[in-house]
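Single-structure report; data block below.
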Amino acid sequence: MNPIVSVFAASPNRGRGLARDMAVRWALAEVGQDHQLRLLSFADLKTPEHKARQSFGQIPTFETDGLTLFESGAIVLHIAETHGLLPVDPAARARAIAWMFAAVSTIEPVIVEREVAVLLEGDKPWTAERLPMLEARLRQRLDDLATWLGDKDWLEGDFSAGDIMMVCVLHRPAGALLMGDYPVLAAYVARAETRPAFQTAFAEQKTRSDAAHG
Ligand SMILES: N[C@@H](CCC(=O)N[C@@H](CS)C(=O)NCC(=O)O)C(=O)O
């Protein structure tokens, strides 16, 4: 059976590839694995049926023979391990997996924290005071990431699941906004975007979003 990936029926960001199923579908496209989509509304997400797949009532989920998986990073790791999207050498493999964790636990939180401050707390009296601090924290992470990347094409040797997770995180608006100040990171993201699998996954969700929103 082809895996089933749950996604937004109508993406709230209008198909800009920001929903977290993007990483999953990009990984599937990289390894040439066909899949089906389970299209869900916001109301569908909170049903007991979906919460049995994803306890927090979110997308994405991934269903394949005998396994229902949640958390985009865990799903990408599963695809990577079963289809060879990680280095074969054990040490290089461990380091590529470390970059997947770095994407979601070191880079994503500072990006999301800044987004939340602007989008959801913009009208709060403390936001103006907090924003410079949040931006400084984000810039520190981006500085360090750019230093690591230097003139490498990818985070750890060849392209891997670590790059999928990191590029998807850098795509988030608060990261994308600062890319102009980080030419090394901008070039890294651009390099990833030229990959046919990225373009396939991006076009798929854009087409779906256009159809849903009209
Ligand atoms: N850490 C989770 C986050 C999942 C997540 O935040 N999904 C969002 C869409 S990108 C969602 O379903 N939001 C709807 C909601 O939380 O009600 C993952 O990476 O899978």
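The values are calculated or read from the model by the stated rules, or taken from the named source; none is laboratory data. Worth saying up front: this structure is predicted, and the values here are computed from it rather than measured. Glycine gets a Cβ as well: all are built from the backbone with ideal geometry, and neighbour counts include every protein chain shown. Side chains included, ligands, DNA and RNA excluded: accessible areas come from the protein's heavy atoms. Shrake-Rupley method; radii C 1.70, N 1.55, O 1.52, S 1.80 Å.
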Exercise. In the stretch 90-121, what residues are touching a helix residue (DSSP H, G or I) at 6+ places or on another chain (Cβ under 9 Å) and not in a helix (DSSP H, G or I)?
Worked result: GLU121
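Results for (1) within 25 Å of ILE97 (Cβ to Cβ); (2) assigned to a helix (DSSP H, G or I), shown as yes or no for each residue.
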site: ASP151; (1), (2): yes, no
site: GLU156; (1), (2): yes, no
site: PHE159; (1), (2): yes, no
site: GLY180; (1), (2): no, yes
site: VAL184; (1), (2): yes, yes
site: ALA192; (1), (2): yes, yes
site: ALA201; (1), (2): yes, yes
site: ALA211; (1), (2): no, yes
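Among the listed residues ARG25, ARG16, ARG38, ARG20, which satisfies the condition of being basic (Lys, Arg), touching a helix residue (DSSP H, G or I) at 6+ places or on another chain (Cβ under 6 Å) and more than 9 Å from the ligand (Cβ to nearest atom)?
Values: ARG16 fails: touching a helix residue (DSSP H, G or I) at 6+ places or on another chain (Cβ under 6 Å); ARG38 fails: touching a helix residue (DSSP H, G or I) at 6+ places or on another chain (Cβ under 6 Å); ARG20 fails: more than 9 Å from the ligand (Cβ to nearest atom).
None of the others qualify; the one that does is ARG25.
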Problem set entry | Scan of the stretch 55-66 for residues that are within 10 Å of the ligand (Cβ to nearest atom), open to solvent by 40 Å² or more (accessible area, probe 1.4 Å) and among the hydroxyl-bearing types (Ser, Thr, Tyr), ordered by number | none
Exercise. Any idea which of (1) farther than 24 Å from LEU149 by Cβ; (2) in contact with a helix residue (DSSP H, G or I) (Cβ under 7 Å, 6 or more places away or on another chain); (3) hydroxyl-bearing (Ser, Thr, Tyr) is the one THR61 doesn't satisfy?
Worked result: (2)
Problem set entry | Failed item, numbered, when VAL167 is tested on (1) among the β-branched types (Val, Ile, Thr); (2) open to solvent by less than 40 Å² (accessible area, probe 1.4 Å); (3) over 25 Å from ARG25 (Cα atoms) | (3)
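For PHE101, state whether it is of a type in the set (Phe, Trp, Tyr), without any contact (Cβ under 8 Å) to a residue 24 or more places away in the chain and open to solvent by 30 Å² or more (accessible area, probe 1.4 Å).
Working: of a type in the set (Phe, Trp, Tyr): yes; without any contact (Cβ under 8 Å) to a residue 24 or more places away in the chain: no; open to solvent by 30 Å² or more (accessible area, probe 1.4 Å): yes.
For PHE101, the condition - of a type in the set (Phe, Trp, Tyr), without any contact (Cβ under 8 Å) to a residue 24 or more places away in the chain and open to solvent by 30 Å² or more (accessible area, probe 1.4 Å) - is not met.
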For this session: Quick one: in the stretch 67-89, of everything that is in contact with a helix residue (DSSP H, G or I) (Cβ under 6 Å, 6 or more places away or on another chain) and part of a loop (DSSP other than H, G, I, E, B), which residue is farthest from the ligand (Cβ to nearest atom)?
Result: PRO87
Exercise. Is the stretch 111-124 home to any residue that is open to solvent by 70 Å² or more (accessible area, probe 1.4 Å) and at pLDDT 95 or above?
Worked result: no
For this session: Test each condition in (1) within 23 Å of PRO173 (Cβ to Cβ); (2) without any contact (Cβ under 8 Å) to a residue 24 or more places away in the chain; (3) more than 11 Å from the ligand (Cβ to nearest atom) for PRO48 and report the one that comes out false.
Result: (1)
For this session: From the list GLY150, GLY157, GLY162, GLY175, pick out the single residue that is touching a residue at least 12 places away in the same chain (Cβ under 8 Å), open to solvent by less than 40 Å² (accessible area, probe 1.4 Å) and at positive phi.
Result: GLY150
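Would you mind finding the one in LEU69, LEU138 that is of a type outside the set (S, T, N, Q), touching an Asp or Glu at 6+ places or on another chain (Cβ under 9 Å), surrounded by 14 or more Cβ atoms within 10 Å (Cβ to Cβ) and farther than 19 Å from ARG172 by Cβ?
Details: LEU138 fails: farther than 19 Å from ARG172 by Cβ.
LEU69 is the lone residue from the list that is of a type outside the set (S, T, N, Q), touching an Asp or Glu at 6+ places or on another chain (Cβ under 9 Å), surrounded by 14 or more Cβ atoms within 10 Å (Cβ to Cβ) and farther than 19 Å from ARG172 by Cβ.
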Seminar exercise, completed: Sole miss for LEU40 among (1) more than 16 Å from the chain's Cα centre (by Cα); (2) surrounded by fewer than 21 Cβ atoms within 10 Å (Cβ to Cβ); (3) among the aliphatic types (A, V, I, L, M) is condition (2)
